[in-house]
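Let me begin by presenting the structure, written as structure tokens, before commenting on it.
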Amino acid sequence: FESAALEAQAMAARTYIVRRLLEHDNSNVPVQGAEVTDTQTHQVYRAISEMQQLRSQNPQAWRKADDAVRNTQGQIITYQGRPIQALYFSASNGYTENSEDVFPFALPYLRSVASPWEQQQQTASAARTTEMPIDEFYAKLGIRSTPTVVRLGGSPWLKVTEWTNGNRIKLLTVGAKTFTGQEVRELLNLRSSAFSWEIKSDKIIITTLGNGHGVGMSQWGAEGMAQSGYTAEEIVKHYYSGTQITEVSKLAPTFPDF
């Protein structure tokens, strides 16, 4: 990735952990004393041993990451003087999401914004298809195949009943049961909730755009912005509405227990 994209990522990752430390937030951590996990629950961190392995196997890649950290040393993203919930994801479908359309909270800086830069990245913007038998589709959604979920001719009855601002599925009705787009994404292990489908015989073919939950900064969008000449600060301020870059040392006195 370009330096500006990596620097934006460094600030976002640093902000995420600093917010948890300053606010003593240890939510969803299964082991006492830990601050984050290395799972998607906490944005997927690499262990120090993995970074050391990267350093030995690909010194150039490690150096770029290290430079991004050093070039943004002490810088975090704030909104009204407090570190933000700096969520990020892989690639959008052309838009990001309002936080409340995916998570149970509405934050003023996690607003839906246009992200057209993924189109420059063929890997990021390419559609992906998932194919499965209809019976497997029902089973994964926990639905029994009954006349209430099947149309005349034997096809499943599916309808999008609400869309998000980011052009992803917010609510999907399957027969008499309604799911959020995120629920379907998780149950079917889809790349995103921006998906469409086609029924062929006894199979359903689902096509997804983008990759990830869609809230906050798109990593491939940041790369596209960097390639177009945007700075790390411009990238951050685009994806996190109304935010500022702040030296973390200036916040410490306002958190006496830190």
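The values are calculated or read from the model by the stated rules, or taken from the named source; none is laboratory data. This one's a predicted model, so the numbers in the text were calculated from it and none came from an experiment. Every residue, glycine as well, gets a Cβ built from its backbone with ideal geometry; the counts of neighbours run over all protein chains shown. The accessibility values were calculated without ligands, DNA or RNA, using every heavy atom of the protein model including side chains. Shrake-Rupley method; radii C 1.70, N 1.55, O 1.52, S 1.80 Å.
Computed quantities for the displayed model
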item: Rounded to 10°, Cα long-axis angle of helix 48-57 versus longest principal axis of the chain; result: 90
item: Accessible surface of the chain [probe 1.4 Å, protein heavy atoms]: carbon and sulfur percent; result: 48
item: Shape category assigned to segment 10-137 from the gyration tensor of Cα positions, a/c cut at 1.5; result: rounded
item: Helix-derived mean residue ellipticity, 222 nm - over the chain, DSSP H n ≥ 4, -39500 (n - 2.57), to 500; result: -9000 deg cm²/dmol
item: Scaled radius of gyration (Cα, divided by 2.2 N^0.38 Å) that the chain gives; result: 1.13
item: Å² of accessible area per residue within segment 1-115, as computed with a 1.4 Å probe and no ligands counted; result: 54
item: Three-way shape call for segment 94-134 based on the alpha-carbon gyration tensor, with the a/c threshold at 1.5; result: oblate
item: Environment charge at residue 79 (Cβ cut-off 14 Å; Lys +1, Arg +1, Asp -1, Glu -1); result: +3
item: Residue of 242, 224, 212 that the Gaussian network model of the chain assigns the largest fluctuation, springs spanning Cα pairs under 10 Å; result: 242
item: Gap separating the Cα centres of segment 55-113 and segment 187-258, nearest whole Å; result: 7
item: Segment 1-89: trypsin sites (Lys or Arg not before Pro) in DSSP loop, at most 12 other beta carbons within 10 Å; result: 46
item: Heavy atoms of residue 200: accessible area, 1.4 Å probe, square angstrom to 10; result: 110
item: Top of 218, 90, 27 by mean-square fluctuation, Gaussian network on the chain, Cα under 10 Å; result: 27
item: Net charge over other residues, Cβ less than 12 angstrom from the Cβ of residue 54 (K, R count +1; D, E count -1); result: +2
item: Net charge of neighbours whose Cβ lies under 15 Å from the Cβ of residue 17, counting Lys and Arg as +1 and Asp and Glu as -1; result: +1
item: About the Cα centre, charge dipole magnitude for segment 23-103 (Lys/Arg +1, Asp/Glu -1 at Cβ), debye; result: 480
item: Accessible-area value, residue 31, 1.4 Å probe, nucleic acids and ligands omitted, Å²; result: 90
item: Degrees, to the nearest 10: 3-22 long Cα axis against longest axis of the chain; result: 90
